[in-house]
1. Anything in segment 174-212 that is of a type outside the set (A, V, I, L, M, F, W, C), surrounded by 12 or more Cβ atoms within 10 Å (Cβ to Cβ) and not in a helix (DSSP H, G or I)? List them, or say none.
2. Within the set of pairs 6 or more residues apart or between chains, which connect a residue that is under 26 Å from ILE104 (Cα atoms) inside segment 4-25 to a residue that is modelled with pLDDT of 95 or more and of a type in the set (S, T, N, Q) with Cβ atoms less than 6 Å apart?
3. Taking segment 90-118 on its own, how many of its residues are surrounded by 15 or more Cβ atoms within 10 Å (Cβ to Cβ) and at pLDDT 80 or above?
4. Which one of ILE53, ILE43, ILE63 is of a type outside the set (Ser, Thr, Tyr) and at pLDDT 95 or above?
5. Please state which of the following conditions GLN171 fails to meet, knowing it meets all the rest: (1) surrounded by fewer than 15 Cβ atoms within 10 Å (Cβ to Cβ); (2) at pLDDT 85 or above; (3) more than 20 Å from THR280 (Cβ to Cβ).
6. Could you say which residue among SER236, SER260 is modelled with pLDDT of 90 or more, among the polar types (S, T, N, Q) and either surrounded by fewer than 18 Cβ atoms within 10 Å (Cβ to Cβ) or assigned to a helix (DSSP H, G or I) (or both)?
7. If you take the residues in segment 297-311 that are closer than 17 Å to ASP207 by Cα and in a helix (DSSP H, G or I), which one is farthest from the chain's Cα centre (by Cα)?
8. Only one of (1) farther than 26 Å from ILE209 by Cβ; (2) at pLDDT 90 or above; (3) out of contact with any Phe, Trp or Tyr (no Cβ under 8 Å at 6 or more places or on another chain) is not met by TRP163, so which one is it?
Amino acid sequence: MKKYIYFFKGILLFCLIISSIIVLYYFYYYNQRYEWYSLELKINWMFTISYFILFFYLLLFLINFQNYNKIFLVIILIGAPLWIILYFLELFKIEFGSLDWNIIREAVPIICFSIMSPGLTINFIRYIRYNSNQDIKGKVFRHYHIHEGFVGILFLVFAFFLWIIRNVMVQYEILRTELRIYLAIEMILLFLFLFSGSFLIFRDWRDIIKFKFIENRKRTYNSNISSIFHLNSPESAQFFKSPRVLLYPFGIFLNSFSVSLFIHGTDFFPVLIFHLNHETLVLIGVILCFIAGGMLGIDWYRVFAKFYPDLYQEFEQILNDLRKHDDSNGSSYK
């Protein structure tokens, strides 16, 4: 059965790669033949952005997450510097060879931002894998434990100030046109802090509603220990419960959608079709980013199980043993 699944995934992956080449070809073709503000060109942009959102979303479920993360890092580490270099070449009117670098400059951010949400999700789970109570010193500063929800609140506060700065920057035409790269970088930082803050707040929401932000803890623990996690009470096991409803696939897709609204605006949703201005689309992107981060934060344990099935099984055994022991003592914990 697994052979048939792998074969089907291979065929689907091959079709996606071929179709992506075709989409990029027509992206180049229409950009050469239509006026910048024409309806045909705007539809071409909308279709290309939508395609690569779907492409990298499906790719996440077709290949293992280690290879996906390598692809993510290569695209970001090559694409981001290339995008910045090409922007300054355009700004200073420097020509570099006969190749149409403008098309590359336009295609690179589409690809980079389309993989942003799945790539960030993977790296958040990787962070949890390698930093969650593996070492007490990593979680406790002297006797004080800083809860992730508190860090998330700080991130949201910082994102709020970035939003104010952005609203000031858009008032100046030069920052919207010639120096737009600075506005773009500010928007990327806004997205990262907003998504991270929402993820951490909703992942630690039980402690937040109890107003547990900074906690005084001793350095010694009586805990059930797995390879990476430590448990010191039945209540702490609730942190590793998934919601009844599957959320993370929708959260990843919604976040990909939101970052495209952040960065592309009316290039993603043409005003000629949807009659929404750029600022309205950016605001919708902000709201959707917060919701998506929250969905992934709530459903983080199910994502962890997807990426680390062996560790998940190991940890589930410890949780089951803890529950049985607690039930035998007459506790109401479930």
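1. Passing the criteria: ASP204, LYS212.
2. These pairs meet every condition: VAL23/THR48.
3. The total comes to 15.
4. Values: ILE43 fails: at pLDDT 95 or above; ILE63 fails: at pLDDT 95 or above.
That would be ILE53, the only listed residue that is of a type outside the set (Ser, Thr, Tyr) and at pLDDT 95 or above.
5. Of (1) surrounded by fewer than 15 Cβ atoms within 10 Å (Cβ to Cβ); (2) at pLDDT 85 or above; (3) more than 20 Å from THR280 (Cβ to Cβ), only one is false for GLN171: (3).
6. Values: SER236 fails: modelled with pLDDT of 90 or more.
One residue alone meets the criteria, SER260.
7. Of all residues in segment 297-311, those closer than 17 Å to ASP207 by Cα come to 297-301.
Narrowing the set further to residues that are in a helix (DSSP H, G or I) leaves 297-298, 300-301.
On the way: GLY297: 11, ILE298: 14, TRP300: 12, TYR301: 16 Å.
Among those that are closer than 17 Å to ASP207 by Cα and in a helix (DSSP H, G or I), it is TYR301.
8. (1) is the only condition that TRP163 fails.
The values are calculated or read from the model by the stated rules, or taken from the named source; none is laboratory data. Since this is a predicted model, take the numbers as computed values, not measurements. No Cβ is skipped: glycine too gets one built from the backbone with ideal geometry, and neighbour counts run over all protein chains shown.
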